[in-house]
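The values are calculated or read from the model by the stated rules, or taken from the named source; none is laboratory data. None of these values were measured; they are calculated from a predicted model. Quick reminder, even Gly has a Cβ in these numbers, built from the backbone with ideal geometry, and neighbours come from all protein chains shown. Ligands, DNA and RNA are excluded from the accessible area calculation, which covers all protein heavy atoms including side chains. Shrake-Rupley method; radii C 1.70, N 1.55, O 1.52, S 1.80 Å.
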Protein chains: 2
Amino acid sequence: MNIQKPSIPKGTRDFGPDKMIRRSYIFDTIRSVFQKYGFLPIETPAIENLAVLSGKYGDEGDKLIFKILNSGDFLAESTPESFNNYKSLTPKIAEKALRYDLTVPFARYVVMNRNEINFPFKRYQIQPVWRADRPQKGRYREFYQCDADVVGTNSLICEAEIVMMINEVLTKLGLKDFTIKINNRKILTGITEIIGKKGAETQLCVAIDKLDKIGFDGVIKELKENDFSDGNIEKLLPIINLNGNTSEKLNKLKELYSTNTTLNTGVAEVEQILKYLDGLKSENNNLEFDLTLARGLSYYTGAIFEVKTNETEMGSICGGGRYDNLTGVFGLPDTSGVGISFGVDRIYDVLETLDRFPTSNLNSTKVLICGFDEACLQYGLSILSRLRKESINAEIYPDAAKMKKQMSYADGKKIAYVIIIGSEELLSGKLTFKNMLNGEQVRLTSDEIIARIKNQ
Amino acid sequence: MNIQKPSIPKGTRDFGPDKMIRRSYIFDTIRSVFQKYGFLPIETPAIENLAVLSGKYGDEGDKLIFKILNSGDFLAESTPESFNNYKSLTPKIAEKALRYDLTVPFARYVVMNRNEINFPFKRYQIQPVWRADRPQKGRYREFYQCDADVVGTNSLICEAEIVMMINEVLTKLGLKDFTIKINNRKILTGITEIIGKKGAETQLCVAIDKLDKIGFDGVIKELKENDFSDGNIEKLLPIINLNGNTSEKLNKLKELYSTNTTLNTGVAEVEQILKYLDGLKSENNNLEFDLTLARGLSYYTGAIFEVKTNETEMGSICGGGRYDNLTGVFGLPDTSGVGISFGVDRIYDVLETLDRFPTSNLNSTKVLICGFDEACLQYGLSILSRLRKESINAEIYPDAAKMKKQMSYADGKKIAYVIIIGSEELLSGKLTFKNMLNGEQVRLTSDEIIARIKNQ
């Protein structure tokens, strides 16, 4: 037999039991909050038609879509000339592709099922996506996204609910100090109008987005490179430099630019969301209006969100916003939606850094039964059966191996209790019950053992 | 904008909320039993190196593996001659592929992580797999597999545990009458020796596997076509025709063929598994020794299992067995394992046909709050917040839409209770509380409503 040294593709990961249990804890927490807020699950296929994905993520994104080779003789209908250019050959030999995000498949789903969907449609979706990005620390070619969206309503109650939901998820996960930044694309559009650069929102957003990285001077330099005049920038400065708390900043904006309708609509939306949050008795002061929050994706048209933890250095752990025309490209115009996406890999790293994963329940087996010989194992099976009838997660070490080996198995699996059965125990019916945490060992009947475990 | 009519690739499926909730119920049930028996979760990437998968599923399987086109200029290193043959071109332009099953990636995982794994390793894995099969009723190109395996021990306790686990999963899912068929590959090998066709196990297994479909005469015809002589078949007949219950059949085999070591080892293994099941106080009489159970996959070497429901017409809903050398191809010989795989799509169809899905909890939202105008919605938010503090899953209809529309939303989502807030309710603080199941409507304070819901 030809022996291979196996490996996995770069940028992909195996998740062993320890990581899986911690990841599931994050997913389950998010899922339970999504459900509490009335969101329903959907799943879409990993494989989409390439035409559905192409052109939705910009030129750069198109390159990063993993394409799937047609099955069978994929060359059958290709002419020799096709082989001159891999770009034009691709759609001929690869008609399918891997999901690149959850948003475009969701838009497709909404359009294809619009007659059955009960609008406003609140859906959540937790599935992996694939990107042929260059792998690096914290950036993978296969990773999970974790999205919740409401489509089919313009109501700003949805934005307020999303803020509540972010709060509840992160608090449940044990994060204590985080900031939910909110801004509104209409305010950014208004600013371009005010400073005399109408139409240059993308350049403005892209530059402002880098404020954290390149600083104030860097932003100005980049704007100048993008054709912003000294006059434009002079008008921009007092806006970016606006200080005070959220309501002070909003009031100053209204005062300074009372005549700009677009900006004032954006400000009014932020104020309405804050009012709804008052109604929801939102107790947190985590929410912060941030004029410099831009978010790159160009499809946002209203509120935008981004969340950062203040407890450790880490990029945004959650982000989203409102979009007005997501389904238009698939033939369903005027469907407004608002959504949020949790960055599970980053949240994982934050919880690990801060040591906030729960210490209990990281293994599901409560008891291991160990036997010295075949007769002990056979007797052990009847104990095993009784434990499980009492809904206690239990297993038996399947061989009469050396006790040291069996104990090391229990340790490795972080099993709390071990029941040891030797010939003496067989005769007396009193089993050795060992607490693996403190090493304490006592002789008990099986009834006493079950009672002890259930009283923990 | 270029408007597309979107579609999904044939053989793939979208799962809307109703299906997702039913599927999650099946997955959660299986997962909870796996955990109760001490199995731990792992996940492997959807994308594997093509070399890891190639040659593991036979020639037919190789064709059905979905290959992923290399990113960037995949033609850069191809010569014009490569384009004459798509088969030899494939591994050059597609170095990665989609997971075809969970077993080969698991074997790869075990080999790559053998120094960290705590053997015997009990793992479960619930993930989708992809096959470029021709789609037809009940056969998909993307579907979930749901596997549990123990590797690193020869102990037949594992086989007994798997039988218990199958029983517990299917009983929990509400199935009442099913048969777990068991056989042993060593018995089938022994039979080939006895009838004088040593080495022809595959042909024997493949033919016997079709007994249900092509009947007794069909099997004989196929064996003759595969070079089985009249003499071979004459010796085979009394074996296949063996009748009686499980222990009668086992005893007859031992009586008739006491000199064949291979067959007797297989019989002894089946008997030992039955003895362990006695120890486990297995109450079911679902287990049936079936000499004609063969299972196609050639890597099985010991016990083999297959499960059928007797309540409706459906193929095998679960199957598995023991294999002795799964990891050998990756350089780790002598690692024995035994596993089981649940066919979730078929189980779904069975539960749907028999109407066994639970009727409650199919939607997670318990209460919908409806308001007649903006002021009512604002008040509704405070009620919403109180409900959620009491851990009641609740949502608010985000617009002051017509009441009929709001009620139809609640109906569509199968929400049990609706709280209606109009101007009268605002003044009095007594809200209209409607039971959507029986249409009953009463006026209650928010405290009374919460008390009612919690007492349900």
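Before moving on, here are some points about what is shown:
- Placing dummy labels 7 Å off each Cα toward the beta-carbon, the span from A:Glu313 to B:Thr259 is 8.0 nm.
- Candidates B:Asn232, B:Phe106, A:Thr79 compared by Cα position along the dipole of the protein assembly as shown: farthest toward the positive end lies B:Phe106, with charges placed on Cβ.
- With a threshold of 26 Å on the Cα-Cα distance, the entries A:Lys36/A:Lys281; A:Lys56/A:Lys186; B:Lys366/B:Lys402; A:Lys181/B:Lys389; B:Lys198/B:Lys249; A:Lys186/A:Lys210 are all at or under it.
- Once both labels are positioned 7 Å from their Cα atoms along Cα-to-Cβ, the gap between A:Lys210 and A:Phe119 label points is 4.0 nm.
- An ellipsoid equivalent to region A:147-263, defined through the eigenvalues of its Cα gyration tensor, has semi-axes of 29, 18, 15 Å when rounded to whole angstrom and sorted largest first.
- Within-11-Å neighbourhood charge of B:Gly371 [Cβ basis; K, R +1; D, E -1]: -4
- When region A:363-455 is described by a simple charge dipole with +1 on each Lys and Arg Cβ and -1 on each Asp and Glu Cβ, the residue from A:Gln441, A:Leu426, A:Asn393 located farthest towards its positive end is A:Asn393.
- Straight-line cross-link partners of B:Lys430 among the aspartates and glutamates, defined as a Cα under 13 Å from its Cα and at least 8 positions apart when in the same chain: B:Asp447, B:Glu448.
- Karplus-derived 3J(HN,Hα), 6.51/-1.76/1.60, for each residue of region B:146-154, Hz, glycine and proline x: 9, 10, 10, 9, 10, 10, x, 8, 8
- As computed over region B:294-445, the Cα convex hull volume per residue (Å³): 199 Å³
- Cα centroid separation - region A:47-98 against region A:99-144, whole Å: 20 Å
- Hydrodynamic analysis of the protein assembly as shown uses the Kirkwood radius over alpha carbon pairs. Inserted into Stokes-Einstein at 37 °C and 0.692 mPa s, it gives a translational diffusion coefficient of 105 µm²/s.
- Rg over Rh, two decimals, region A:144-185 (C-alpha only, Kirkwood Rh): 1.00
- B:Tyr379 sits with roughly 70 Å² accessible to a 1.4 Å probe, with DNA, RNA and ligands left out of the calculation.
- A simple charge model with +1 on the Cβ of Lys and Arg, -1 on the Cβ of Asp and Glu and nothing else charged puts the dipole of chain B at about 880 debye relative to its Cα centre.
- Environment charge at A:Ile347 (Cβ cut-off 11 Å; Lys +1, Arg +1, Asp -1, Glu -1): +1
- At R0 = 45 Å, FRET efficiency that the Cβ-Cβ distance of B:Asn245 and B:Asn435 yields, to 0.05: 0.25
- Of A:Glu271, B:Glu283, the order by accessible heavy-atom surface (1.4 Å probe, DNA, RNA and ligands excluded), from most exposed downward, is B:Glu283, A:Glu271.
- Largest first, the residues A:Ser408, A:Ser391 sort by 1.4 Å accessible area into A:Ser391, A:Ser408.
- A label point on B:Glu234, set 7 Å along the Cα-to-Cβ line, lies at 11.2 nm from each of its counterparts in the other copies, closest listed first.
- Neighbour net charge for B:Arg322 - beta-carbon separation under 13 angstrom, K R +1, D E -1: -2
- 3J(HN,Hα) couplings calculated from phi for region B:394-407 with the Karplus curve 6.51 cos²θ - 1.76 cosθ + 1.60 (θ = phi - 60°) are, in sequence order, 8, 9, 10, 6, x, 10, 7, 7, 4, 4, 4, 5, 5, 5 Hz; Gly and Pro show x.
- Size of electric dipole in region A:337-456: Cβ of Lys, Arg +1 and of Asp, Glu -1, about Cα centre, debye, nearest 20: 160 debye
- In nanometres and ascending order, the distances from the A:Ser247 label point to those of the other copies are 8.3 (point 7 Å from Cα along Cα→Cβ).
- Each other copy holds its own label point for B:Asp177; taking that point as 7 Å from Cα along Cα to Cβ, the gaps run 6.6 nm, nearest first.
- The heavy atoms of B:Ser446 offer some 20 square angstrom of accessible surface to a 1.4 angstrom probe.
- Rounded to the nearest 500, the helix-only mean residue ellipticity at 222 nm of chain A stands at -13000 deg cm²/dmol, with each DSSP H run of n ≥ 4 adding -39,500 (n - 2.57).
- Averaged over the residues of B:163-170, the number of partner chain Cβ atoms lying within 10 Å of the residue Cβ comes to 1.
- Shielding of peptide A:374-384 by partners, expressed as the average count of other chain Cβ atoms within 10 Å per residue Cβ, is 4.
- Relative contact order, percent, chain B [alpha-carbon distance under 8 Å, six or more residues apart]: 14 percent
- Here's the list of aspartates and glutamates a cross-link from A:Lys67 could span, going by alpha-carbon distance under 17 Å and ignoring same-chain residues fewer than 8 apart: A:Glu48, A:Asp59, A:Glu95, A:Asp101, A:Asp133, A:Glu142, B:Glu48, B:Asp73, B:Glu95, B:Glu142.
- Cα-Cα pairs of region A:208-258 separated by more than 13 Å (percent): 63 percent
- The protein assembly as shown - charge dipole about Cα centre, Lys and Arg +1 at Cβ, Asp and Glu -1, debye rounded to 20: 540 debye
- The H on the amide N of B:Gln145, modeled in the peptide plane, is under 5 Å from the matching H of B:Gln127, B:Val129, each at least 5 residues off or on a different chain.
- Farthest toward the positive end of the dipole of the protein assembly as shown, out of A:Gln125, B:Gly321, A:Gly371, is the Cα of A:Gly371, where the dipole comes from beta carbon charges about the Cα centre.
- Calculated P(r) tail over 15 Å for region A:363-455, as whole % of Cα pairs: 54 percent
- Here A:Lys252 is the anchor, and the aspartates and glutamates within straight C-alpha reach of less than 20 Å, apart from those fewer than 8 places off in the same chain, are A:Glu193, A:Glu234, A:Glu269, A:Glu271, A:Glu288, A:Asp290.
- 20 Å binning of all Cα-Cα separations within chain A, expressed as whole percents from 0 upward: 19, 42, 27, 11, 1
- Whole-angstrom gap from region B:200-214 to region A:215-277, using each part's C-alpha centre: 76 Å
- Sorting the Cα pairs of region B:337-412 by distance into bins of 10 Å, from 0 upward, gives 16, 31, 20, 17, 11, 3, 1 percent per bin.
- Taking the convex hull of the alpha carbon positions in region A:1-122 and averaging its projected area over all directions gives 13.1 nm².
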